[in-house]
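Colleague: The structure under discussion is supplied below as structure tokens; questions concerning it will follow.
The values are calculated or read from the model by the stated rules, or taken from the named source; none is laboratory data. Values in this document were obtained by computation on a predicted structure and should not be read as measured data. Here the Cβ positions follow ideal geometry from the backbone for every residue, glycine too, while neighbour counts run over all protein chains shown. Ligands, DNA and RNA are excluded from the accessible area calculation, which covers all protein heavy atoms including side chains. Shrake-Rupley method; radii C 1.70, N 1.55, O 1.52, S 1.80 Å.
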Amino acid sequence: MTVSVEKQIAADLLDINAVTLSPNKPFLWASGIKAPIYTDNRRTIAFIADGLTALISEQFPTATVIAGVATAGIPHAALAADRLNLPMSYVRAKPKDHGTGKQIEGQITADDNVVLIDDLISTGGSVLGAAKAVQAVGATVLGIVAIFSYELPDHVKNFADAGLSLHTLTNYSTLIEVANEKYDINATELASLKQWREDPWHWNK
């Protein structure tokens, strides 16, 4: 049986402990959300560049610049840009408060077609903020590429409102499907993992 790319990458994330599932002892995110999952995509830096490169080539063949979202997207953008033989830039969360006050490091002009890379997507706030900074210099943002999406309801609305497309190597639904196949997750834990994605703010209250 052929395993899909999404399922293979989800399995790889679990195997290298880039993703930890803990429905019974949830993690507290900086946003205040309690979550049964924690993702550390810094563990993927040495493994994931080929997948991101292929995704960009397929979805955005007219890209002229690859831009990483600081800080987690920077190493992935650098590796993908090198493989694609394209220039690389990165976008800070906000302009520097000293010097020239730059928010974008590297060369992006109004003539460029930019693909933004982040490591993972929750609500999409940080990467969409970076997209606005790129658009402010007149460049075209072709879309966003990431390793993983939590598939939260907020992100679907936020990307639709921004008019930007998101393409990820894998996602939360695929990951919990793979985890259920590979590991000892009981029916109650699986149901809890699925419920969290539907309403993360009120899960486990």
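Colleague: Under a Cβ-only charge scheme (Lys and Arg +1, Asp and Glu -1), can you give me the dipole magnitude of the stretch 110-205 about the Cα centre, in debye to the nearest 20?
Modeller: Details: 6 positive and 13 negative charges, 37 e Å.
Using Cβ point charges on Lys, Arg, Asp and Glu, the stretch 110-205 gives about 180 debye.
Colleague: Turning to a different aspect of this structure: Kindly provide the trypsin sites (Lys or Arg not before Pro) of the stretch 117-202 that DSSP labels as loop, not H, G, I, E or B, and whose Cβ sees at most 15 other Cβ atoms within 10 Å.
Modeller: Working: sites: K132, K157, K182, K194, R197; in loops: none.
Listed in order of number, the matching sites amount to none.
Colleague: What is the sum of charges around K157, taking Lys and Arg as +1, Asp and Glu as -1, for the other residues whose C-beta is under 15 Å from the C-beta of K157? Provide the component values of the computation, followed by the final result.
Modeller: On the way: positive: R197; negative: E151, D154, D161, E198, D199.
Around K157, the surrounding residues sum to -4.
Colleague: If exposed chymotrypsin sites (Phe, Trp or Tyr not before Pro) are those in a DSSP loop with at most 16 other Cβ within 10 Å, what is the longest stretch of the chain that has none? Numbers along the way, then the final one.
Modeller: Values: sites that count: W29, F47, Y183, W201.
In the chain, the maximal stretch lacking such sites is 48-182.
Colleague: Still on this structure, I have one more. What number comes out for the charge environment of A80, summing +1 per Lys or Arg and -1 per Asp or Glu over other residues with Cβ under 15 Å away?
Modeller: Values: positive: R83; negative: D50, E58, D82, D118, D119.
Cβ neighbours under 15 Å give a net charge of -4.
Colleague: For the stretch 61-137, what is the charge dipole size about the Cα centre, in debye to the nearest 20, if Lys and Arg each add +1 at the Cβ and Asp and Glu each add -1 at the Cβ? Intermediate results must be reported in sequence, preceding the final value.
Modeller: On the way: 6 positive and 7 negative charges, 38 e Å.
Computed about the Cα centre, the dipole is about 180 debye.
Colleague: Quick one: check the C-alpha center-to-center distance for the stretch 109-136 versus the stretch 142-188, whole angstrom.
Modeller: After rounding, the separation between the Cα centres reads 18 Å.
Colleague: Run lengths n ≥ 4 of DSSP H only: what is the helix-derived mean residue ellipticity at 222 nm for the chain, with -39500 (n - 2.57) per run over all residues, to the nearest 500?
Modeller: On the way: 7 runs with 78 residues, N = 205.
So the calculated ellipticity at 222 nm is -11500 deg cm²/dmol.
Colleague: Place a +1 charge on the Cβ of each Lys and Arg in the stretch 1-150 and a -1 charge on the Cβ of each Asp and Glu, then give the dipole magnitude about the Cα centre in debye, rounded to the nearest 20.
Modeller: On the way: 11 positive and 13 negative charges, 108 e Å.
So the dipole magnitude of the stretch 1-150 works out to roughly 520 debye.
Colleague: Could you give each residue of the stretch 158-175 its phi-based ³J(HN,Hα) in whole Hz, using Karplus coefficients 6.51, -1.76, 1.60 with θ = phi - 60°, and x for Gly or Pro?
Modeller: Each residue's phi maps through the Karplus curve to give 5, 5, 5, 4, 7, x, 10, 8, 10, 10, 10, 6, 7, 8, 4, 4, 5, 5 Hz.
Colleague: Could you give the accessible area per residue of the stretch 63-142, probe 1.4 Å, as a whole number in Å²?
Modeller: Numbers: 3600 Å² over 80 residues.
Per-residue accessible area for the stretch 63-142 comes out at 45 Å².
Colleague: Okay, moving on. Just to check I understand the Karplus step: with θ = phi - 60° and J = 6.51 cos²θ - 1.76 cosθ + 1.60, what whole-Hz values come out for the stretch 86-96, glycine and proline as x?
Modeller: Each residue of the stretch 86-96 in turn: 10, x, 10, 10, 9, 10, 6, 5, 8, x, 4 Hz.
Colleague: What angle, in degrees between 0 and 90 and rounded to the nearest 10, separates the Cα long axis of helix 74-84 from the longest principal axis of the Cα atoms of the chain?
Modeller: On a 0 to 90 degree scale, this one is about 70.
Colleague: Right, another one. Please work out the FRET efficiency for the pair K96 and W29, using the Cβ-Cβ distance as r and a Förster radius of 35 Å; give the result to the nearest 0.05.
Modeller: Values: r = 26 Å, r/R0 = 0.76.
The value I calculate is 0.85.
Colleague: Also, I was wondering about something else. In whole percent, how big is the carbon plus sulfur part of the accessible area of the stretch 124-205, probe 1.4 Å, protein atoms only?
Modeller: Values: 1950 of 3910 Å².
Using a 1.4 Å probe with all protein chains present, the stretch 124-205 comes out at 50 percent carbon and sulfur.
Colleague: Shifting gears a bit: Would you grab the residues whose amide H sits under 5 Å from the one on I16? Only those 5+ places off in sequence or on another chain, please, with H modelled 1.01 Å from N.
Modeller: Amide H to amide H, under 5 Å and 5 or more residues apart or across chains, I16 pairs with nothing.
Colleague: Taking the dipole about the Cα centre of the stretch 92-195, with the C-beta of Lys and Arg at +1 and of Asp and Glu at -1, give me whichever of L190, T174, Q103 is farthest to the positive side.
Modeller: It is Q103, whose Cα lies furthest towards the positive end.
Colleague: Hey, another quick one. Nearest 5 is fine: what % of DSSP beta bridges in the chain come out antiparallel, could you say?
Modeller: Bridges in the chain that DSSP calls antiparallel: roughly 25 percent.
Colleague: Taking amide hydrogens as modeled 1.01 Å from N in the peptide plane, which residues meet the under 5 Å criterion relative to V141, leaving out close sequence neighbours?
Modeller: V114
Colleague: Please turn the phi angles of the stretch 107-123 into ³J(HN,Hα) values with the Karplus equation 6.51 cos²θ - 1.76 cosθ + 1.60 (θ = phi - 60°), one per residue in order, whole Hz, x for glycine and proline.
Modeller: Coupling constants for the stretch 107-123: 9, 10, 10, 5, 8, 8, 9, 10, 10, 9, 10, 10, 7, 8, 10, 9, 8 Hz.
Colleague: Put +1 on the Cβ of every Lys and Arg and -1 on every Asp and Glu Cβ in the stretch 4-101; which of P26, A49, Q59 then has its Cα farthest towards the positive end of the dipole?
Modeller: Looking along the dipole axis, the top candidate is P26.
Colleague: Which order do L164, L79 take by accessible area at a 1.4 Å probe, largest first? Walk me through the numbers before you get to the answer.
Modeller: Numbers: L164 25, L79 55 Å².
Ranking L164, L79 by accessible area, largest first, yields L79, L164.
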